[in-house]
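A quick write-up on the structure given underneath.
The values are calculated or read from the model by the stated rules, or taken from the named source; none is laboratory data. Values in this document were obtained by computation on a predicted structure and should not be read as measured data. Cβ atoms come from the backbone with ideal geometry, glycine included; neighbour counts cover every protein chain shown. Heads up: the accessible areas ignore ligands, DNA and RNA and are worked out on the full protein's heavy atoms, side chains in. Shrake-Rupley method; radii C 1.70, N 1.55, O 1.52, S 1.80 Å.
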Amino acid sequence: MMRNSLESTLDFLRLLKTHNSRDWFEANRAKYEAARTAYTELVGDLIDRFDQVDDIGGVTPKECMFRINRDVRFSKDKSPYKTAMGAVLGRAGRASTGRIYYLHVEPDGSSFLAGGLYEPSPAELGAMRAVLARDSRPFRKILGAKDFRRYFGELGGESLKTAPQGYPKDHPDIDLLRMKQFMASHPMSDETLLSGDPVSYILNVFKA
C-alpha cells in the first residue's frame, strides 16, 4: 500500500516539474491531493515511531510539512509551486530551532534526509561550542561511528574563516568550533522510498 501511495507522490512531482503553472495545478488538483495525502501518511508514520530516535513531543504532520506554494516575491523564478515535498521533524514542527530532522521527497533520486543544527540561535551555537571545547570526544565518536560514516560520510555546514570570539586559534578542536552549522545529509533513492518499509530505513538514518 505504501509503495503505491508514494509512487503517486513521485509521479505528481515529476509532472509538476514540467507543468509548473496554476492552470495545470488546478486541473490536476485531485492528483495533488492524493500525492499530499501519501506524503502526510509517511510523515505521520514517522512521528508515531520517532521515539526510537528522539522526543519531538506531540507534533502533527500538518505542523511539520511545508506548503507547496513558493514565495516568489523576491525571486527571479516565478514558478508558483515547489517540485518537492519537505517536512521538519522537531518539537515545533517546521518552526523548530535547534536540533531538527528533515525529510525531503523529490523524484528521480533527488530525495534526501538531513539533520543537525541548521539555523542555531546564538545561544544554541554558543552552548554547542562550549560543550565541544570542554570535551569533543562524545561528538567525534558519533562522527566516526560506522553507521554515521556509511549514511553521511562526514559532517557538513558553514564555518567561520577564523576562530570564534573567545576561543584561541590553536585550540585542538578549532575545526569544530569554527562551524556555524552542524549538518549531515543522506541521499535517498526512489527505490528506497517505494520499498516495503521506508519508515524503518528513514528512522535508522536519523538514529545515526
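Every condition in (1) out of contact with any Lys or Arg (no Cβ under 7 Å at 6 or more places or on another chain); (2) within 15 Å of residue 35 (Cβ to Cβ) holds for residue 119 except the one numbered (2). Assessment of the range 133-143 against the conditions (among the acidic types (Asp, Glu), over 25 Å from residue 47 (Cβ atoms) and open to solvent by 30 Å² or more (accessible area, probe 1.4 Å)) yields at least one matching residue. Inside the range 132-161, residues that are hydrophobic (A, V, I, L, M, F, W, C), within 19 Å of residue 207 (Cα to Cα) and not in a helix (DSSP H, G or I) make up a count of 2. Taking the conditions (1) surrounded by 15 or more Cβ atoms within 10 Å (Cβ to Cβ); (2) charged (D, E, K, R); (3) under 13 Å from the mean Cα position of the chain (by Cα) in turn, residue 119 satisfies each one other than (1).
Does residue 15 satisfy the criteria of being open to solvent by 50 Å² or more (accessible area, probe 1.4 Å), in a helix (DSSP H, G or I), aliphatic (A, V, I, L, M) and out of contact with any Gly (no Cβ under 6 Å at 6 or more places or on another chain)? Yes: the conditions hold for residue 15.
Residues checked against (1) in a helix (DSSP H, G or I); (2) of a type outside the set (A, V, I, L, M); (3) under 22 Å from residue 181 (Cβ atoms):
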| residue | (1), (2), (3) |
| --- | --- |
| 35 | yes, no, no |
| 42 | yes, no, no |
| 51 | yes, yes, no |
| 55 | no, yes, no |
| 97 | no, yes, yes |
| 100 | no, no, yes |
| 107 | no, yes, no |
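Here's the yes/no breakdown for (1) of a type in the set (Lys, Arg); (2) modelled with pLDDT of 95 or more; (3) more than 30 Å from residue 127 (Cα to Cα):
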position: 28; (1), (2), (3): no, yes, yes
position: 33; (1), (2), (3): no, yes, yes
position: 45; (1), (2), (3): no, yes, yes
position: 49; (1), (2), (3): yes, yes, no
position: 59; (1), (2), (3): no, yes, no
position: 74; (1), (2), (3): no, no, yes
position: 80; (1), (2), (3): no, yes, yes
position: 83; (1), (2), (3): no, yes, yes
position: 97; (1), (2), (3): no, no, no
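Once the range 178-189 is narrowed to residues that are open to solvent by 20 Å² or more (accessible area, probe 1.4 Å) and not small (Gly, Ala, Ser), the residue that is farthest from residue 133 (Cα to Cα) is 187. When residue 151 is tested against the conditions (1) modelled with pLDDT of 95 or more; (2) closer than 27 Å to residue 57 by Cβ; (3) open to solvent by less than 30 Å² (accessible area, probe 1.4 Å); (4) touching an Asp or Glu at 6+ places or on another chain (Cβ under 8 Å), the lone failure is (4). Return yes or no: is residue 190 closer than 30 Å to residue 15 by Cα, touching a residue at least 12 places away in the same chain (Cβ under 8 Å) and out of contact with any Lys or Arg (no Cβ under 8 Å at 6 or more places or on another chain)? So residue 190 passes the test.
Of the residues making up the range 167-208, those that are farther than 18 Å from residue 146 by Cα, of a type outside the set (D, E, K, R) and not in a helix (DSSP H, G or I) number 12.
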